[in-house]
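The structure under discussion appears below in the form of structure tokens.
The values are calculated or read from the model by the stated rules, or taken from the named source; none is laboratory data. Being a predicted model, the structure only gives us computed values, none of them experimental. Every residue, glycine among them, receives a Cβ derived from its backbone with ideal geometry; neighbour counts consider all protein chains shown.
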Amino acid sequence: METLGRVRLSKHFYMRDFLHSEIGSFYGIPNIPDDPDLAIENGKQLCEALLDPLQETFGRIAIRSGYRSSKLNKFGNENKLNCARNDANYGHHIWDRVDEKGPGAGTSLVIPWFADRYAHGRDWRDLAWWIHDHLPFSDLCFFPKLCGMNLSWRARPRRTISSYIAPKGLLLPSGAEPAEPLDRRAARYRDFPQFRGIAYPD
């Protein structure tokens with residue numbers, strides 16, 4: 001586990017960033033991949049395509065729940081600990097299993113920069129459309145606490161957006177075009193930081 005945790009997935013993230021599990025810690029269930037190589041491969045895609053650009057735009061992002069082993073996720077689901085069924089989590093929290101939708105990886109996260117604005121009434125759809133217009137995500141779902149989100153990468157992206165924040169439901173079905181035209185979407189996030197605009201030391 002020490003070696004696995006030190007694997008660098010991208011410029012800003014290591015595997016260790018995604019291995020902590022509150023369920024695993026509390027119930028003593030090790031969060032160990034069945035297929036570490038596949039978990040690393042898909043985790044790299046998630047971090048390079050989605051998480052690095054988010055961090056380079058908004059500053060630090062907070063990972064709430066990352067990788068889950070099949071064993072850990074099954075325990076969480078069977079004990080009603082806010083874990084979906086294993087087959088529903090392949091390609092999302094379970095990075096080392098592939099289903100008919102192909103390889104993928106996902107995480108639950110919060111963007112503190114946006115959470116501060118959301119706390120003062122900012123519309124979650126402003127961030128949803130920004131992500132839609134800038135990142136090659138597969139599935140995006142928002143939650144009321146801190147405007148947290150589930151965000152996933154897939155080799156064959158579905159491009160769906162949904163939310164448990166009002167207006168609840170499906171904002172963008174897979175394969176659909178946004179109801180709002182690009183100019184209206186862009187007006188929502190005109191005040192957002194420059195895309196990947198944070199300067200880091202060489």
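The table that follows gives values for the structure above.
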read-out: Leu50 being out of contact with any Gly (no Cβ under 8 Å at 6 or more places or on another chain), assigned to a helix (DSSP H, G or I) and in contact (Cβ under 8 Å) with a residue 60 or more places away in the chain; value: yes
read-out: Set Trp153, Trp129: member being crowded, with 16+ Cβ neighbours inside 10 Å and either of a type in the set (Ser, Thr, Tyr) or part of a helix (DSSP H, G or I) (or both); value: Trp129
read-out: Positions within region 53-80 being in a helix (DSSP H, G or I) and either free of Cβ contacts under 8 Å to residues at least 24 places away in the same chain or farther than 18 Å from Arg8 by Cα (or both), in sequence order; value: Thr57, Phe58, Ser70, Lys71, Leu72, Asn73, Lys74, Phe75, Gly76, Asn77, Glu78
read-out: Residue satisfying condition, being at pLDDT 95 or above, touching a Pro at 6+ places or on another chain (Cβ under 8 Å) and buried (at least 16 other Cβ atoms within 10 Å of the Cβ), within set Thr107, Thr160; value: Thr160
read-out: Failed item, numbered, when Glu41 is tested on (1) touching a Gly at 6+ places or on another chain (Cβ under 8 Å); (2) at pLDDT 95 or above; (3) surrounded by fewer than 16 Cβ atoms within 10 Å (Cβ to Cβ); value: (1)
read-out: Candidate set: region 134-157, residues that are among the charged types (D, E, K, R) and within 19 Å of Glu48 (Cβ to Cβ); chosen: the one nearest to the chain's Cα centre (by Cα); value: Asp139
read-out: Criterion violated by Tyr90 - all others in (1) modelled with pLDDT under 95; (2) farther than 25 Å from His132 by Cβ; (3) surrounded by 17 or more Cβ atoms within 10 Å (Cβ to Cβ) satisfied; value: (2)
read-out: Qualifying residue in region 97-116 (condition: over 21 Å from His20 (Cα atoms), among the acidic types (Asp, Glu), more than 17 Å from the chain's Cα centre (by Cα) and assigned to a helix (DSSP H, G or I)); value: yes
